[in-house]
Amino acid sequence: GVSAHSSAHALATFYSALGGGQLLPRAVLARAAQRASRGMFAGEEATWGLGMQIGALCEGEWRHVALGHAATGGSLGFCVPQLDLAIGITLSRLTAEKTATRRILALV
């Protein structure tokens, strides 16, 4: 596996560049958003496309594809290319529970 050690700001900056087409062409990002495989990660079902986890940011009737990666311990980073949005969350105390991360995401 691969691991990144960074601040939340650096993580968000990376995913901002990814979602903004600065690291990969938008055509490659579109391919990454298509499910390639499913499996388990940290005890939960995960969907993968070109090595990135595929998720969604949903509110009411709208749904936008999110590309990124969740880490064991609660940290995560992702981008939502359609919204020009990138988020990086790092925690100072690692935990198997995702309570803090979910509370932070609920604010977005």
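The values are calculated or read from the model by the stated rules, or taken from the named source; none is laboratory data. Since the structure is predicted, the reported quantities are computational estimates derived from the model, not experimental observations. So basically every Cβ, Gly included, is an ideal-geometry build from the backbone, and we count neighbours across all protein chains shown. All accessible areas refer to the heavy atoms of the entire protein, side chains included, with ligands and DNA or RNA removed. Shrake-Rupley method; radii C 1.70, N 1.55, O 1.52, S 1.80 Å.
Laid out as a table, the results:
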read-out: Lone unmet requirement of (1) within 18 Å of A8 (Cβ to Cβ); (2) in contact with a Pro (Cβ under 9 Å, 6 or more places away or on another chain); (3) outside any strand (DSSP E or B) for G21; value: (1)
read-out: Residue within region 6-20 that is open to solvent by 50 Å² or more (accessible area, probe 1.4 Å) and either free of Cβ contacts under 8 Å to residues at least 60 places away in the same chain or touching a helix residue (DSSP H, G or I) at 6+ places or on another chain (Cβ under 6 Å) (or both) present; value: no
read-out: Tally, over region 24-34, of residues that are part of a loop (DSSP other than H, G, I, E, B) and within 15 Å of the chain's Cα centre (by Cα); value: 2
read-out: Hey, E59 closer than 26 Å to L94 by Cα, of a type in the set (D, E, K, R) and open to solvent by 30 Å² or more (accessible area, probe 1.4 Å) or not; value: no
read-out: Residue match in region 45-58 (condition: out of contact with any helix residue (DSSP H, G or I) (no Cβ under 9 Å at 6 or more places or on another chain) and outside any strand (DSSP E or B)); value: no
read-out: Checking G51 against (1) closer than 18 Å to L24 by Cα; (2) open to solvent by 40 Å² or more (accessible area, probe 1.4 Å); (3) in contact with a strand residue (DSSP E or B) (Cβ under 7 Å, 6 or more places away or on another chain); (4) not β-branched (V, I, T), the condition it does not meet; value: (3)
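Residue-wise test of (1) among the small types (G, A, S); (2) in contact (Cβ under 8 Å) with a residue 24 or more places away in the chain; (3) open to solvent by 30 Å² or more (accessible area, probe 1.4 Å); (4) more than 17 Å from E44 (Cα to Cα).
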{"position": "G68", "(1), (2), (3), (4)": "yes, yes, no, no"}
{"position": "T72", "(1), (2), (3), (4)": "no, yes, yes, no"}
{"position": "L76", "(1), (2), (3), (4)": "no, yes, no, no"}
{"position": "P81", "(1), (2), (3), (4)": "no, yes, yes, yes"}
{"position": "D84", "(1), (2), (3), (4)": "no, yes, yes, yes"}
{"position": "S92", "(1), (2), (3), (4)": "yes, no, yes, yes"}
{"position": "L105", "(1), (2), (3), (4)": "no, no, yes, yes"}
